[in-house]
Each structure stands twice: as structure tokens, then as C-alpha cells.
Amino acid sequence: MELYATGFNAWNQLRFGGPDASPESQDPDDLHGFKLVLRNSSFEPPHASLSCTLVKTPSSVLFAGYPDDWVKLHDLRDKMIQCLAAIAGNGIIAVYSEGSVQQYQSLAHYKAMKGRTVLSDCEINQIVAYETGFAALSAGQVWTWGDERYCACLGREVSESSPAEKPCLVIQLEGLPTGRIRKLAAAGYLLTAITEGDDLYAWGGHPGRPVIIEGISGSPSPVLVEENDIRDCAVGEFHVIVLTSHGDIFVIGDNVNGQLGYPIEKASSWTRVPGIATGSTISAVVAGLRSSFIVVVIAK
Amino acid sequence: MYSRAELIGVSLENGSTLSSVFHACGEAAQQIHRECEEILGTSSQSHDVGLAGCGSALVSLLGRQALQISHRYQSRKSADPPDTPTAAGKQSFVLRRLEDIISITYSKFYAFLFKDLPYCWRQLYTDASILKFCLLVEQTSRVREDVEVETKGPDRDELTEVIKVLDLALILAGGAGQQRGRKWIDQAFELLHRAWAAKQGTGDDASFNMERPKKRLRSGEGELGVVSPDRGTATRVFSTREPFTPPVKHPIKRLEAVSLYAFQSHLDNPLDRKVGPQPLVLTNVVEGWPACSTHPWNRPAYLLSQTLDGRRLVPVEIGRSYVDEGWGQKLITFGEFLRDYIDPSLSEPEITETEDGLAPPPDKPIAYLAQHQLFTQFPALRNDILIPDYCYTSPPPHPTDRSIDQPELDEPLLNAWFGPPGTITPLHNDPYHNLLVQVVGRKYVRLYSPLETERMHARGKEEGVEMGNTSMIDVGVIEGWDHVPQDQDQDASDQEKNERVQQAFKEVPFVDCILEPGDTLYIPNGWWHYVRGLSVSFSVSFWWN
């Protein structure tokens, strides 16, 4: 398998091993195009935070960049890699464990185990975080909770019986024509969900920021990427990357740090990134806040 | 090639103001690098102070950029060679990394409620901005190979960019940091102001021109704050045009020359103990204010001279009133604010003031510099006003709800309110006693007693923001002064209910007044007030308790 990466690289977080891979060696530049950064017989899709990248192989966890404080806490790190824990931009941490979701105000609260249960008696498949809140996937249903000021990111109504800060179901993602939700992605103020039938839905928005995808609102709506079925989708703070069922990569959004992997200033409509991994199969896309990754399975 | 002294010319000869900026920058870069190293060197215990809370990764990244800039300053020679392409590339790389840090940090300002925003993020934003400023200032001062070949457009833009960096740190991050922070930025602005004022003396247009000056400075010219009497613009005052004047129906009592003792007694002995002291218009508060005499705020040229020729950045509210659809906040230069929003007639060649009825540009919305701590941002303007002695009296607590009372302030809270005709502050109340001093132009104010709070139809929480101190009622609409906002799609029963509410509201007693320049309105704690700018208007409010 191969991992390709592009984008923000201030701490060498896109560089695994090698002589200059220390986070402070020189002043590493960003990558402005997808480059092969890792080859290994097998690994899981990476977890990318602002300053570091973690890749789980069958035998260990590979690491690039500057370790965040939470990386040293192995139980939290493992949950993050499994997408069963997430840290929002405001420092709040949500962790799924043994049938309930715990929330911690900060890493210090987590270390002191000062959390509170926000959702219990549930089976969570995935937790994602955006700047001010979370979404969780449970048996094809989506729960959201977070800061009331950015209620568009909740994708649901906020009322006394369904307050912003308490996990509630996103009703509009139920009973969709192509089945239930199978995967979530989120960052910045944008959230996405993919159905079992490979349709992409998105919601969110921030009143003070330009929209990444035209037409996005507080109510989840289908996103068309040139009529393609969507296999995978990942969201960065200012960009989105999708993998279509034909194996094509499309990107949209800002390219300040090279996160689109394509030499354009910015993409205000879906733009195909050509020439990646010909003759191979792309199995997943991943986004850091300002970077993108492509996981490639080499054809035997 | 010019020597360094020739290039900076006037400024260096005239008190070495720019070299002082360079000195301060070199020190700051070194200091920031040292602080970052210290944080990275200690174990993660002292996370509550300084930058540490932002995480080692960002501290390390900032430290690396600080070191680069510090090296750059240390290697400065009396005559710097032009940058080689490699060196220039390195500089632009440092600049990009600083911009990365600034943008990463700015996201935190949104992610947290400002009151919950950890201090470290504000300091990181400020320090990264100081470094960016230092990098840009140093760059613009270098001899450029293209100086002779390409006569660059006005350096004005370069200076505007440099100023913006520091103003954003003041406005967005509050200039945070013990060692540098606001103190450092204020000093840098003071030095830039001196360089600019000195430059003014050359008779050039007010550009921050680091290239060879066209003329030598003539002694005695270009003193701080003195505006060159250029084509009469220096003496021009803001337009007094008043498109609409509402009638005053229940005038507030006016008192001339009220002694401190008499004012305290007014506070202590209300006619009705349940309501507390009544509002008053006082006429002697501005006595001795430079803003009304030697440093006239009604002259655009004076205000421009205090804002680096209008290049400083200010936050303005765009839209008629903060409860309207489409209302928003924007950062623009002070000059843009004056010329585009406050008084468009200023950009006309020279019009006589009798030419009244000048309509503002048709599709320009109203912009209001409202509730801004202008005097923290511009300490020089702070010296143009005096805190009224009345603010040192001890006023009574809130008449009906003691829970609203705030902890006692050490000193009054000052806010500036500067806008064109037609600004509206919707009906609301504040948790302090207020002296609203009218410095320029006229304002209409209407007040409702705190006993009427139930009939004020206070709002609730709106999109996560507490709006309980603001009324649903639009006084201008009820009085027929303004049109009903179009965006309401309400059914007949809503409309009927609305009309009943409005009818009932018309019955509520109120007092009102039009403040003339020099008037001061005392708004007692808890009184609901609606404020409407009639002409170009500049007021200062003093909150105290």
C-alpha cells in the first residue's frame, strides 16, 4: 500500500522517516502536489491533526510531525485513530467507550477523567469533530451536538427539547433514497455524510466565512460531484476531497497550503486532480485541517 | 545605489524614528524567540502563562520564525545590500509561516466564545502579528534593485498593509501579552506617527515614502498633530446635513452648570424611589475638552492626522440597526470610513456647505463605528477628552433588579459612537449608569423607565447570543419614521398580534431629547434607550457604577 500526501507541512507531518524528518529540521516547506510519503505492506487510513500524522500498521503506529499532547495518551490516541474519539477546534473532546459517549472540556479534564456522559446506551461507529462540535454515526443514523452559535453545523432544529449541546438525531438524513449513512466527515464548519448507495450529503456554514461548497446550509442536502457516485469523502478546514466510484479524485476549496494537490489558487467548483496513482486502486481519502491524503492499494 | 541614510532620509535625520522602530523590532524578535525556547525547554507544568497553552508545535513554529527575523535584524548594516533571490525567497517563506500561524489562531477566535478564549491564543496572534510587522517593515526599508527601474506606485499601500497587521492584533486579539502586547504596538504606532508627521513637513502628499525624499525638511514644519493648511481642507468641518428630524414630545430636563454636589443629590433623592434618579441633560461636561476646541473632532483633517492619514483600521457596523437582517461588522480604514460612509461630500473637490440635501451614494449601506473602545486603540484621541467628574459620584444600584448590577468598575468604561445621519441603536438597556456626551452633530434619544421593562418586549437568546437587553420594538417603525423591514413573512394572525403590541407600546410613557454638540445625557442604570443619529454624529459614552 502507498500513502500520498499534499499540503501543510510546517512540522514535517507529511514526511515519514528519512534523514530530515525531524519536526524542526530546516523549515520544511508545504507539499504542493500529491507525493508518495509512505509505502508499507498494510496500513489503515491515517489520522491527521494540525501538526502530526499517525498511521496504524499491523505491528505499530507510525508517526510524522510534531506530537500533539494527546499523542502521548495511548488510549486516547488509539481511539482517535479508530475514529471513536475526536477533538473539536475549541478543545472539547468526545470519546466513545463501552456504550456511551463521554465529553471532556479540555485535555486537562480528560487527563483528570473529569468528563460527563452526553449519550448513553448507544453503539457508535464513528465520531467526527468540527470547530465547535461533533457528529456521531450509529447504525446508519447521525447525531450532532455543539455550540449553539453555529447551529447550521448541527443540521437539525435547535429547540428546548433538542438543545444544541445535547446529541440529537439529524432527521433529514433518515429515509434517504440511497439508504442509510455509512460514513461521516467534518472539519471547520462543514460536515458531510455518505449513504450506503454512495450519495454525498453536506451541511454547515459559518456566517463570517465564504462557503466551500455552493448552496450548503443548515439543512443537509445532496452534493453533486459531476454526477459521480462517491466512495469516500474527507473534509479539511477550508477544503474537501472526494473519491468517486471511478477512482477519480475531486477537490474543492482553498489551496493556501497546497492542500488541493493541484496547482491552482483555489477551486470554487469541483476540480479533478489528474494523474494520481495510475494502474493502482485508490481505497480512501483523508484530510488534515490543511492537508490531503490518498491511500493506494497497489494492484498485484 | 543610495546609502541607507538618504533612503530613509527625512525620518532618520528627524529623530531617527524609523531606526527606533527597527530597534524595537529586533528586540521583540529576539525576545519572542527566547520565550518560545524557554517554554519548549520546561516540562509542561506552567501551561497557564504566556504562549504555552497553544501547544508546543505552534510555540516551536513561532520560535523558528522569530529566530529568522532576529537574525535578519542582527545582520543589518548601515547600507544593506539588496536581497538576493534566495534571501528574498526565505523572507517570503517566513512571512507565509507567520500567516499560517495567524490564520490558525484566528480560527480559535471563532471556535471559542470570546470570554472563554484562552489568553494564549490572543498572545500568539499578537506575537505573530508583531513579527509579521517587523518582517514587512524591514523588507520595505531595504534597497531594492528595482527602485530605479520601476517607479513603484505610491508606497502608501505598503504602509497601509503594515499598519493593518498591528491594528488587527489590537482589534481582534486585544494586543495580548505581558512583555510586548498592546504596549509594544502603541509604541510602534507612536513612532510611525512621528515619522509620518515629520514627512508631512516636506510638503509631499502624506505618503510613507521610504525612498529618497523630493525635498529636504524645512525646520519648524511637520510637528506632531499639526495639519498643514492645504487648500482649506484643514479647516473644513463635517456636513451638518440632517435628512430627518424627529419631534421631541416629552423633553428631558436640562440643567446648566450642575455642581458635583448637586448631581450626587440628584442621584440620592429621586422623586420616586421605585424608579430611582431621572434622566438629565447636562450642558457643562465638555468644558475644557480639546475635542471641542484645539483638537477639533468636527474636522476630518484633524481625525485623519491622528490615524496615520486615515490608514488605521477601525471596526464598523454595516446596516441600519444591529437587529436588522443583513447587519454585519467589517474592518475598514478610518479614511475609507470617513470618505465613503460618514461624509461623502469630503471626497468632492470643495463644496460650499450651503449646498444642502446631498444624497448619499444610493446603494451604500449605513456604517457605524459603535461601542468601540476607540480610546484604547488611539491613546492620542483619549487625551482630547476628560472623564467627567460626575463619574466619580456613587450612583444607586439598579432600581428593580439588583442581580443586573455589575462588579464595581475601577474606572469608567469609555466607548466611541461615530456615524453618519440615520444610525440607529435599537431600544435596549445597559447594566451601568451612562453619561452620553455629544461631541459632534446631533442625536435623538428616547428613554423608557425600568418600571416599564415588562412592556418593552425583551428578546431572548437568538442563535446562541443573549439578546435579553434588547427590545423587539422598533421605535422608528412605530412612530412612522422608518419603513417596516421587508423580510417578515407573517400570516394575518401574526400581523394582528403585532399591531396590538405596537398599539399597546404607543401608550407607554417616555421622555426624549435631541442632543446638541456639547450636551451630555445622563442615562440612569436600567433605563431603556433608543438612539438615532440625525446628522454626522460623534459621541462618547462613559459607563460607571
Exercise. Going through segment A:65-98 one residue at a time, which ones are at pLDDT 95 or above and in contact with a Cys (Cβ under 9 Å, 6 or more places away or on another chain)?
Worked result: A:Y96
Exercise. Going by the conditions given, is A:I252 outside any loop (DSSP other than H, G, I, E, B) and either out of contact with any helix residue (DSSP H, G or I) (no Cβ under 7 Å at 6 or more places or on another chain) or among the acidic types (D, E) (or both)?
Worked result: yes
For this session: Give the number of residues within segment A:133-153 that are within 11 Å of chain B (Cβ to nearest Cβ) and more than 16 Å from A:A185 (Cβ to Cβ).
Result: 6
Problem set entry | Selection from segment B:163-180 of residues that are assigned to a helix (DSSP H, G or I) and either of a type in the set (S, T, N, Q) or without any contact (Cβ under 8 Å) to a residue 40 or more places away in the chain (or both) | B:V165, B:L166
For this session: Can you confirm whether segment A:269-280 contains a residue that is farther than 14 Å from A:F34 by Cα and among the aliphatic types (A, V, I, L, M)?
Result: no
Exercise. For A:A185, are the conditions met, namely being under 19 Å from A:Q82 (Cβ atoms) and open to solvent by 20 Å² or more (accessible area, probe 1.4 Å)?
Worked result: no
Seminar exercise, completed: Residue count, segment A:154-186, condition more than 14 Å from chain B (Cβ to nearest Cβ), touching a helix residue (DSSP H, G or I) at 6+ places or on another chain (Cβ under 9 Å) and not small (G, A, S), comes to 5
Exercise. Within segment A:217-230, restricting attention to residues that are without any contact (Cβ under 8 Å) to a residue 60 or more places away in the chain and in a loop (DSSP other than H, G, I, E, B), which residue is nearest to the other protein chains (Cβ to nearest Cβ)?
Worked result: A:V225
For this session: Would you please name the residue that is surrounded by the most Cβ atoms within 10 Å (Cβ to Cβ), looking only at residues in segment B:414-467 that are farther than 27 Å from B:P395 by Cα and within 14 Å of another protein chain (Cβ to nearest Cβ)?
Result: B:G464
For this session: Could you check how many residues of segment B:310-340 are of a type outside the set (K, R) and under 15 Å from the mean Cα position of the chain (by Cα)?
Result: 16
Seminar exercise, completed: Only one of B:S207, B:S219, B:S239, B:S228 is closer than 30 Å to B:E516 by Cα, at pLDDT below 50 and among the hydroxyl-bearing types (S, T, Y), namely B:S228
Exercise. If you go through segment B:85-108 one residue at a time, how many are more than 10 Å from chain A (Cβ to nearest Cβ) and either under 24 Å from the mean Cα position of the chain (by Cα) or over 21 Å from B:E158 (Cβ atoms) (or both)?
Worked result: 4
Problem set entry | Test result for B:G310, open to solvent by 10 Å² or more (accessible area, probe 1.4 Å) and in contact (Cβ under 8 Å) with a residue 24 or more places away in the chain | no
Seminar exercise, completed: Scanning segment B:92-111 residue by residue, those surrounded by 18 or more Cβ atoms within 10 Å (Cβ to Cβ) and either free of Cβ contacts under 8 Å to residues at least 12 places away in the same chain or more than 18 Å from A:I87 (Cβ to Cβ) (or both) turn out to be B:V94, B:R97, B:L98, B:D100, B:I101, B:I102, B:S107, B:Y110, B:A111
Seminar exercise, completed: Condition set assigned to a loop (DSSP other than H, G, I, E, B) and among the basic types (K, R), scope segment B:252-303, selection nearest to B:F375 (Cα to Cα): answer is B:R299
For this session: Inspect all residues belonging to segment A:106-113 and state whether any of them is open to solvent by less than 40 Å² (accessible area, probe 1.4 Å) and more than 13 Å from chain B (Cβ to nearest Cβ).
Result: yes
Problem set entry | Sole residue being touching a Lys or Arg at 6+ places or on another chain (Cβ under 8 Å) and more than 21 Å from A:A85 (Cβ to Cβ), chosen from A:I212, A:I171, A:I216 | A:I171
Exercise. Residues of segment A:237-296 being of a type in the set (A, V, I, L, M, F, W, C) and open to solvent by 40 Å² or more (accessible area, probe 1.4 Å), which ones?
Worked result: A:F238, A:V256, A:I264, A:L289
Exercise. For A:V225, are the conditions met, namely being of a type in the set (A, V, I, L, M, F, W, C) and farther than 25 Å from A:G247 by Cα?
Worked result: no
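The values are calculated or read from the model by the stated rules, or taken from the named source; none is laboratory data. Bear in mind that the values here come from a model prediction, so they are computed numbers and not experimental data. Cβ sites come from the backbone with ideal geometry, for glycine too, and all protein chains shown count toward neighbours. The accessibility values were calculated without ligands, DNA or RNA, using every heavy atom of the protein model including side chains. Shrake-Rupley method; radii C 1.70, N 1.55, O 1.52, S 1.80 Å.
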